[in-house]
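Enquirer: Sending over a structure as structure tokens; questions will come in a sec.
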Amino acid sequence: MGAVTVADLFIPTMILRTAKGFHIYYVFDQPMFLRKKRGQFPVLKAAQKMSSFVRQWIQQRVTGVDVGCNNFGIFRIPRQDNLIFFDANMLIQVSALMKWSQYYAAQVPVTDQMGDQVISLSSDEGRQVDQAWFKALLKVTTVKSGHGLARHNTVMTLALAMYQSKISQQRARDVLDVFNSNLHDPLVDREVVQCVRDAYSGDYRGAALSYVQGLLDQWVPNFSGKVVVGIGWHKFAKPRAERQYSHANEWRNDVLALINRMGSSAASVAMSTRQIQAELGISPASLNRVMKQLQATSQLKRVQRGNQPTLLTTVTMLFKSAMVRRQAQSQAWTGYLTTLMPTVSTNSYEPTVLTSTEMQAVSGDSAPPWVMETRRRTG
């Protein structure tokens, strides 16, 4: 539950549990309208990037995330037997997610297999086809369909690497034709042709790091070389353990993680600034600055109680509390029904019982989540 609250700021609007996994929905407070510019749709590209960054964020915290799923694919229909969380008030501001995505894009490191940070080569100084990961993927013959990042993603990634490396389109077609023929379960020829055509359309710059890493994890688990995508210069700071001082964003993450851990599934936790300082070893001035920044971005709420410790609330804590409360309500309702009608059987999906207002209301309110929670409690 904490992992799908992206950056301790964006709470899911709805969660479905199916036989093959969870489907998480983040609903915008307003639509993103399509406008064509120079033959392209910038809004689609922006939406794809935001979707990709959200999945990368969750992948770092939960195993088994399908980072290669279609951005505009088929979605599960919410039903009483698969809906485990829904709050129509939990809407995300498009501008806020876009701003976070831009920040996150600048923070995503290029790493080798051991987790050490490296510097990527620029597109005119390094070719992706010369990298170890490209050669490793080209030798794989066991890629199957229906297993997350599968045949189509593999062929597309290899094609993009050849496009970035300025390999001719016909040469790429020949190489991938051989690769596809070597697969135990190959694609039909027209799909390979379409992948090459898409890769050389000019809409992409090269293979993306998230896809490369995902393919290696799935099909080349013993890969030990460096993962360098070779698009643009990326300079990164030294690891935190090697620095004397921490960055502000690192302290913010530490404070949020501590409060979420101490708060467990409660809606708030009583903690003083001295406790936080003692736990993290942060100076009073730095903590005060971090707390103000977290409040300004609506990631943290402080409630002063005189001489008593301050009550602290985060978005993640509110989400966890709401999940626990709704699950208890669902179990109580199911138990009540079975006492009235013993023949009623419960399935493996625990239905969530919500009020008609919660189920039907669609609000564009952009107030912080704790304001919405207060309104929900007080009616």
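The values are calculated or read from the model by the stated rules, or taken from the named source; none is laboratory data. Everything quoted here is computed from the prediction, not taken from an experiment. We place every Cβ from the backbone using ideal geometry, glycine too, and count neighbours over all the protein chains shown. Protein only, heavy atoms only, side chains kept; ligands, DNA and RNA dropped before computing areas. Shrake-Rupley method; radii C 1.70, N 1.55, O 1.52, S 1.80 Å.
Enquirer: At 1.4 Å probe size, put Glu191, Glu279 in order of accessible surface, largest to smallest. Spell out each step's value before the answer.
Expert: Working: Glu191 70, Glu279 115 Å².
Order by accessible area, largest first: Glu279, Glu191.
Enquirer: What ranking of Phe28, Phe53, Phe179 comes out by heavy-atom accessible area, probe 1.4 Å, highest first?
Expert: Working: Phe28 60, Phe53 40, Phe179 5 Å².
The ranking, largest first, comes out as Phe28, Phe53, Phe179.
Enquirer: Would you kindly find the accessible area of Cys69, with a 1.4 Å probe and non-protein molecules such as ligands, DNA and RNA excluded, rounding to the nearest 10 Å²?
Expert: The value for Cys69 is about 50 Å².
Enquirer: In nm², what is the average projected area of the convex hull enclosing the Cα atoms of the range 40-98? Before the final figure, lay out each step's value.
Expert: Numbers: hull surface 22.6 nm².
For the range 40-98, the mean projected area of the Cα convex hull comes to 5.6 nm².
Enquirer: Here's a follow-up. What does the highest-first list of 330-338, 284-292 look like by mean Cβ count within 10 Å? Intermediate results must be reported in sequence, preceding the final value.
Expert: Numbers: 330-338: 13.0, 284-292: 14.9.
Descending mean neighbour count gives 284-292, 330-338.
Enquirer: Label points 7 Å out from Cα along the Cβ direction at Lys166 and His247: separation in nm?
Expert: Between Lys166 and His247, the label points sit 3.3 nm apart.
Enquirer: Follow-up. Could you give the length gained on full extension between Ser95 and Gln277, defined as 0.36 nm per residue of separation minus the Cα-Cα distance, in nm? Let's see the in-between values first.
Expert: Numbers: separation 182, 0.36 × 182 = 65.52 nm, distance 3.33 nm.
Length gained between Ser95 and Gln277: 62.2 nm.
Enquirer: Oh, and also: Roughly how many Å is it from the Cα centre of the range 159-218 to that of the range 262-282, as a whole number?
Expert: 50
Enquirer: Structure shown: which of Lys45/Lys99; Lys37/Lys166; Lys37/Lys99 lie over 18 Å apart, alpha-carbon to alpha-carbon?
Expert: Lys37/Lys166; Lys37/Lys99
Enquirer: Over its Cα atoms, what ratio of radius of gyration to 2.2 N^0.38 Å does the range 1-93 give?
Expert: Details: Rg = 14.2 Å, N = 93, 2.2 N^0.38 = 12.3 Å.
With N residues counted in the range 1-93, Rg over 2.2 N^0.38 Å equals 1.15.
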